[in-house]
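The values are calculated or read from the model by the stated rules, or taken from the named source; none is laboratory data. This is a predicted model, so every value here is computed, not measured. Here the Cβ is made from the backbone with ideal geometry for all residues, glycine too, and neighbour counts use every protein chain on show. Quick note on the areas: whole protein, heavy atoms, side chains included, nothing else; ligands and nucleic acids left out. Shrake-Rupley method; radii C 1.70, N 1.55, O 1.52, S 1.80 Å.
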Amino acid sequence: MASSTKGSVSLLNFFVFNSEYGPREGEEDKKVLFYYPQDVDIDTKIKKVGLSEAIIKFAETFSEIPCQSLHTQKTRQVFFEPETCFWMAMTVSVPYKERTKDGQTVTEYQQDNVQDSVYESILKQAYKMFKLFNGTFMTILMRANGEVESLKQRLDHFYSKFLLTLKLPQGDILDVFNGIHFLPLDKNTYLRIQCFINRLEASFPIIKYTAFLYNEKLVWSGLEQEDMRIMYKYLTSSLFPSFMEQEIHGGQGRPNPPSSGFGHYGKFMTGPPDLNNDKNMGKLPRVFVNTEEVDEECYLLVYTALNATICLLVNVSSPLNVPTCRSLDSLLGLEMTKLASDIGEQYSKRVSALNPSDPVFKYVYFNHMNLAQQTTVHIDLQKKAGVNIPPEILRLLGDINADLTKFDEDGETIVKTTSDYWVVGKKSDQREFYVVINMRSASLIEINDEVKRLCSTYLNNIFFLE
């Protein structure tokens, strides 16, 4: 009896609707604000939205908690109400296996391969990413004097591109946490960075908020936690990879080496591609943050030197031009090149000391209080470090997380799989720690001791559960 898995998790539809729009019969199409795929006829869109509305209202009769997901044999649909009466829904396919038995084909759908918590988180991230670049739905409507068409255009412009970047088959526990990787530094280096940022903001008052990263790890941020979280997601999953690809293929912008005549390794990731051309500000994203006011619109100016990156947020009402960027470059370039060099020495020592390529175990750590995340569960393709975790083990981590999340109390789960992996999940004081250990002959006591050792070695004693 042979079997084969057919397909992976894929996006079947994604739509945004408002349950209060189009209340009269014949006006149901007004509820639909965005629908993917876009080549679907309007009757299908109305039916899908109407069915979602009915499911949501039906679920309200049983629970005060809004409906979050709908399971069918072939699909999984998740719902999210980001703003009052505005709903988002996403439907994905369920992978299946076909077995041949007695000359007949039997189809088995793998429901366990699609985890609610993962895809609910992906749907919420889709809203937060939209909000980062456009503001809330209500803010858009207020600025457009209530014109719904303006909101529809924004949704279409953003999601028609964003949905193509989703990697649904790779969704796992890291999407649930959506945390931030921090870079711990010694006090002197950290103070140097803080002094540098203070001097920068004093010299250029147009800069309202700043974030400093090294090697895609956050060192310092002046943004609110949730804004930084989604900004970090955008930087590490979109901007940094696209910039690196552009550099590899000889993209625009001046070369990095000091031989270019600028005396440093700095350049703008977003902003002017050529500082000698006063008429070209290049691509300059606008983002909406909620630090001093709701949905404050800012330019996002990103500058990099070696492995150090600084994000400068400038209110859109402030004048920002190439001469100003040239002045910024003269200050940022030299200072950040020096800082990046000094941080690099500390970073390389720390990485070699921790030896993250240890093939015996992989771990995930997340702190709900500061959104700090550490993990070694994914292969570093550039360094080819470590071993990958089988997909079924990653799903087990998600299941353990879902179980621990159901209860407010701290807890611990230890599982030994049929493939001889030990999987441990701990939750204590708003911190979660998951570890996968490949020690077949180990006993439960030995695994418990090993987990304690890992906590003290890799997490600097910041997590411990008796």
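Can we say residue 35 is of a type in the set (Phe, Trp, Tyr) and either at positive phi or out of contact with any strand residue (DSSP E or B) (no Cβ under 7 Å at 6 or more places or on another chain) (or both)? Explain how you work it out, then say what you get.
Details: of a type in the set (Phe, Trp, Tyr): yes; either at positive phi or out of contact with any strand residue (DSSP E or B) (no Cβ under 7 Å at 6 or more places or on another chain) (or both): no.
Answer is no for this residue.
Output the strands (runs of 3 or more DSSP E) that fall wholly within the range 37-142 and possess 1 or more residues being open to solvent by 50 Å² or more (accessible area, probe 1.4 Å), within 19 Å of residue 18 (Cβ to Cβ) and charged (D, E, K, R), or say none.
On the way: elements: 69-71, 75-83, 86-93, 96-101, 104-109.
Here the list reads 75-83.
Results for (1) aliphatic (A, V, I, L, M); (2) closer than 19 Å to residue 377 by Cα; (3) surrounded by fewer than 16 Cβ atoms within 10 Å (Cβ to Cβ), shown as yes or no for each residue.
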residue	(1), (2), (3)
412	no, no, no
415	yes, yes, yes
419	no, yes, yes
426	no, yes, no
434	no, yes, no
438	no, yes, no
441	no, no, yes
444	yes, no, yes
447	yes, yes, no
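Basic (Lys, Arg), part of a helix (DSSP H, G or I) and loosely packed, with under 15 Cβ neighbours inside 10 Å - does that describe any residue in the range 177-187?
Residues of the range 177-187 that are basic (Lys, Arg), as a first pass: 187.
Cutting the leftovers down to part of a helix (DSSP H, G or I) gives us 187.
Remaining after also requiring loosely packed, with under 15 Cβ neighbours inside 10 Å: 187.
Yes: the range 177-187 contains one or more residues that are basic (Lys, Arg), part of a helix (DSSP H, G or I) and loosely packed, with under 15 Cβ neighbours inside 10 Å.
Quick one: which of 173, 193, 206 is in contact (Cβ under 8 Å) with a residue 40 or more places away in the chain, under 24 Å from residue 135 (Cα atoms) and buried (at least 17 other Cβ atoms within 10 Å of the Cβ)?
Details: 173 fails: under 24 Å from residue 135 (Cα atoms); 193 fails: under 24 Å from residue 135 (Cα atoms).
Criteria check complete, one pass: 206.
What number goes with the only condition from (1) among the aliphatic types (A, V, I, L, M); (2) part of a strand (DSSP E or B); (3) at pLDDT below 95 that residue 191 does not pass?
Evaluating residue 191 over (1) among the aliphatic types (A, V, I, L, M); (2) part of a strand (DSSP E or B); (3) at pLDDT below 95 leaves (2) as the failure.
Which residue pairs have Cβ atoms under 9 Å apart, sit 6 or more places apart or on different chains, and have a first residue in the range 48-64 that is farther than 18 Å from residue 75 by Cα and a second that is in a loop (DSSP other than H, G, I, E, B) and open to solvent by less than 100 Å² (accessible area, probe 1.4 Å)?
57/19; 57/67; 58/67; 59/66; 59/67; 59/68; 60/66; 60/67
From the residues in the range 9-34 that are open to solvent by 50 Å² or more (accessible area, probe 1.4 Å), among the acidic types (Asp, Glu) and in a loop (DSSP other than H, G, I, E, B), which one is farthest from residue 83 (Cα to Cα)?
In this case the residue turns out to be 25.
Given the conditions (1) within 21 Å of residue 286 (Cα to Cα); (2) at pLDDT below 95; (3) aromatic (Phe, Trp, Tyr), report the number of the one that residue 209 does not fulfil.
The failed condition is (2).
Determine the pairs where a residue that is touching a residue at least 40 places away in the same chain (Cβ under 8 Å), located within the range 125-144, has a partner that is open to solvent by less than 20 Å² (accessible area, probe 1.4 Å) and hydroxyl-bearing (Ser, Thr, Tyr) with Cβ atoms under 8 Å apart, the partner being 6 or more residues away or on another chain.
126/159
Any idea how many residues of the range 313-334 are under 22 Å from residue 220 (Cα atoms) and either without any contact (Cβ under 8 Å) to a residue 12 or more places away in the chain or in contact with a Ser or Thr (Cβ under 6 Å, 6 or more places away or on another chain) (or both)?
Residues meeting the conditions: 1.
Would you pick out the residues in the range 392-424 that are of a type in the set (Lys, Arg) and closer than 16 Å to residue 176 by Cβ?
Of the residues in the range 392-424, the ones of a type in the set (Lys, Arg) are 395, 406, 416.
395, 406, listed by residue number.
Only one residue in 152, 233 is over 28 Å from residue 320 (Cα atoms), in a helix (DSSP H, G or I), in contact (Cβ under 8 Å) with a residue 12 or more places away in the chain and open to solvent by 40 Å² or more (accessible area, probe 1.4 Å). Which one?
Values: 233 fails: over 28 Å from residue 320 (Cα atoms).
When all the criteria are applied, what remains is 152.
Which members of the range 275-308 meet the condition of being open to solvent by 10 Å² or more (accessible area, probe 1.4 Å), among the hydroxyl-bearing types (Ser, Thr, Tyr) and part of a strand (DSSP E or B)?
299, 304, listed by residue number.
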